[in-house]
Each structure stands twice: as C-alpha cells, then as structure tokens.
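Since the structure comes first, as structure tokens, the remarks are kept for the end.
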Amino acid sequence: MNNSVCVSTREDLQQLIEEAVSKAVKQQIPEVIREATAKEWLTKKELQELTGWSNRTIQYMRDTEQIPYSQHGYKILYPRKGILKFLENHHIKPRL
C-alpha cells in the first residue's frame, strides 16, 4: 500500500495535518468518553452484565482468588480495571 502524499504549499500541508488530527480524534473520542464515565468499582449485578457470568461463577472465581474484589461487611465490589485485566489475560487468540 502506497501512502505517499505530494504537498505543494504550506496551506495544503496545514489542511492535511488538520484532517489527520481530526480523524484520529474522532476515532479516539468514544473510547475516552467511555473510560472517563465508567465506574471504578462494579457491583455483582454490573459484573454479571459486563461478563455474562452467573452468581455461582463469580463466587467460585472469588473463592479461588481468580478475580480481584473488595469486601466491607456483606458489601462486595469488583474493580473494573482488575476485571478487564483478568479478561485480557485470559483472552485466547484465534489461530490463523
């Protein structure tokens, strides 16, 4: 793939840069907004919605210390970043 560009004037270069930056920003904005508005800690129900795991699966993964959590009395919360890291670490890449 040939990505060469011929720029004849300073204005053309400026326009090319503005278009490239605009495209990059538009691609990144949804992820930045999602990350900025995401809750830091998840309830069990939110964890189930995120992962599709059952109550029993979550309990087992907690008991075997596979997923991080914090507990105060009966209240148990799961750190979003820790859960996402667990999912990323257990991602199986397809063979091509």
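Each reported figure results from applying straightforward, stated rules to the coordinates on display, with no laboratory input. Everything numeric here is computed off the predicted structure, so don't read it as measured data. Using ideal geometry, Cβ is built from the backbone for each residue, glycine included, and neighbour counts are taken over all protein chains shown.
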Within segment 1-38, take every residue that is basic (Lys, Arg) and surrounded by fewer than 10 Cβ atoms within 10 Å (Cβ to Cβ) and give me the one that is nearest to residue 70 (Cα to Cα). 34
Are any residues in segment 24-45 touching a residue at least 12 places away in the same chain (Cβ under 8 Å) and of a type outside the set (Val, Ile, Thr), and if so, which ones? 38, 39, 40, 41, 42, 44
Is it the case, given these coordinates, that residue 78 is among the hydroxyl-bearing types (Ser, Thr, Tyr), out of contact with any strand residue (DSSP E or B) (no Cβ under 7 Å at 6 or more places or on another chain) and outside any loop (DSSP other than H, G, I, E, B)? no
